[in-house]
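First the structure, in the form of structure tokens, and then the observations on it.
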Amino acid sequence: MRLSTTFVKTSRTAPKDETARGAQYLSRAGYVYKELAGIYDYLPLGLRVLDNIKGIIREELNKIGCQEVLLTTLQNPELWQKTDRWDPSKVDIWFKTELAAGGELGLAPTHEEPITNLMRSFITSYKDLPVAAYQFQTKFRNELRAKSGIMRTREFLMKDLYSFAATESDHNRFYHQVEQTYKAIYNRLGVGADTFQTFASGGVFSKYSHEFQTLTDVGEDTIYFNADKSVVLNEEVLNDEVLQDLGVKREELQSARAAEVGNIFTLGSKYSNPLGLLFTDQDGQRKDVIMGCYGIGVSRVMGVIAEKFSDDKGLVWPENIAPYKYYLIGIGERGTEVAEKLYRGNEDIVLLDDRDARPGEKFADSDLLGIPYRLVISDKTLADDTIEVTNRRDGQTTLQKINDFVLSKA
């Protein structure tokens, strides 16, 4: 990307309706554009960050045998009526639309019903199990109040994974695999040290579900944890019975604000039974398929990372999700010429600031955008055959011999 040809412009002022620092920076740096409350466009740099987050999630899920699909956004009411989730008095976050020929469709807030129905065509025997399928799909939820930028929106990108098993033991085995996979994902995203698997309400078919909560002052949840954080629970399940079950005392717990960045649920036959997803076991008996679901809000995670990795100058992206690794600036006639040569062939990892702008403006935008390394080539550095390299994370600047300097993709 050349900044001289992009339509995206940075801003020195924060949007009046964004209160969270990360949300302000995402708008000011041109990663996102706010259409309406809770509805955002992702601009070229923002889309690259989303794609990098998706790539990490995809790699880790594929390692445990999950298969990627893409289901429709428009929803058949008949499926949701069978599970009693179409009625707005039961599920109050629906967006619905009218067909020109008559009738009503929904915009999917989640996909348990359609993927369960789809699997009826592919699962008939125990030999067809287990199966795990996931997607990256836009969800729509008619939230009463959107807040914190892209952390809580009415339209958002989600990774939703669904598992199908013949027995509870098979289901539990995969469930524990996902637990470990999620931890690997958050480690790779740079938030692993502040993200905790948290006991939460389990609904109908299990005593607990598990959330993954990342500590942040702008989080909507309150979590409680013991000294070594071996037990972490959501405030919604903080009661005497749960404390006894988990073997901790109330006075041992501290609290903190956190944002949910993922969740995993045991569903049992909650959807397979009413939708008729059955299989024939080894004894010839027809049984309900045992299901689980596992979500990560991809755009939400991006918003949380923007909150966690920012300072008083702007964003500070971790290397593996940053839109580019290097922010390249050429100063002076010869510095600009050498920067241009360095850029060519490295367009996938270098953002070239070739605008007709003052160096100070370019430095400020470099900090705002949060690209991991700023490279400056100027007539002054070239006099010593060097290139100036600044690490955005710690602000440390070094001069390296330009003939020895190598742009690294890793």
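Rule-based calculations on the coordinates, nothing more; no lab input. What you see is a predicted model; the values in this text were computed from it and never measured. Note: ideal-geometry Cβ built from the backbone for every residue, glycine included; neighbour counts use all protein chains shown.
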Calculated FRET efficiency, V8 and D384, Cβ-Cβ r, R0 25 Å, to nearest 0.05?
0.15
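According to the square roots a ≥ b ≥ c of the eigenvalues of the Cα gyration tensor, what is the shape class of the chain, taking rounded for a/c under 1.5, prolate for a/b larger than b/c otherwise, and oblate for the remainder? Intermediate results must be reported in sequence, preceding the final value.
On the way: a/c = 2.05, a/b = 1.86, b/c = 1.10.
The shape class here is prolate.
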Amide H contacts of L267 (H built 1.01 Å from N, under 5 Å, at least 5 apart or other chain)
M291, G292, C293
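Placing +1 at every Lys and Arg Cβ and -1 at every Asp and Glu Cβ, with all other atoms neutral, what dipole size does segment 21-308 have around its Cα centre, in debye to the nearest 20?
Values: 33 positive and 39 negative charges, 155 e Å.
The dipole magnitude comes to about 740 debye.
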Shape category assigned to segment 326-401 from the gyration tensor of Cα positions, a/c cut at 1.5:
rounded
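Any chance you could run the full-extension gain for N273 through R257? It's 0.36 nm times the residue separation minus the Cα-Cα distance, nm to one decimal. Before the final figure, lay out the partial values.
Details: separation 16, 0.36 × 16 = 5.76 nm, distance 3.77 nm.
Here the answer is 2.0 nm.
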Cα gyration tensor of segment 278-332, axes a ≥ b ≥ c as square roots of the eigenvalues: rounded (a/c below 1.5), prolate (a/b > b/c) or oblate?
prolate
Beta bridge orientation in the chain: antiparallel %, DSSP, nearest 5:
80 percent
Label-to-label distance, nm, for residues given as E347 and Q177 (7 Å Cα→Cβ offset):
4.0 nm
If amide H atoms are modeled at 1.01 Å from N in the peptide plane, then the residues at a separation of 5 or more from A256, or on another chain, having amide H under 5 Å from its own are I223
From the backbone phi of segment 238-247, what are the Karplus-calculated ³J(HN,Hα) couplings (6.51 cos²θ - 1.76 cosθ + 1.60, θ = phi - 60°) in whole Hz, Gly and Pro given as x?
7, 8, 4, 5, 5, 4, 5, 5, 8, x
Computed FRET efficiency, Cβ-Cβ of V69 and S206, R0 25 Å: what is it to the nearest 0.05?
0.50
Rounded to the nearest 500 deg cm²/dmol, what is the calculated helix-only ellipticity per residue at 222 nm for the chain, with -39500 (n - 2.57) per DSSP H run of length n ≥ 4?
-8000 deg cm²/dmol
Can you list the HN-Hα couplings for segment 311-321, worked out from phi with the Karplus curve (6.51, -1.76, 1.60; θ = phi - 60°), rounded to whole Hz and with x for Gly and Pro?
9, 6, 9, x, 6, 9, 5, x, 4, 6, 10
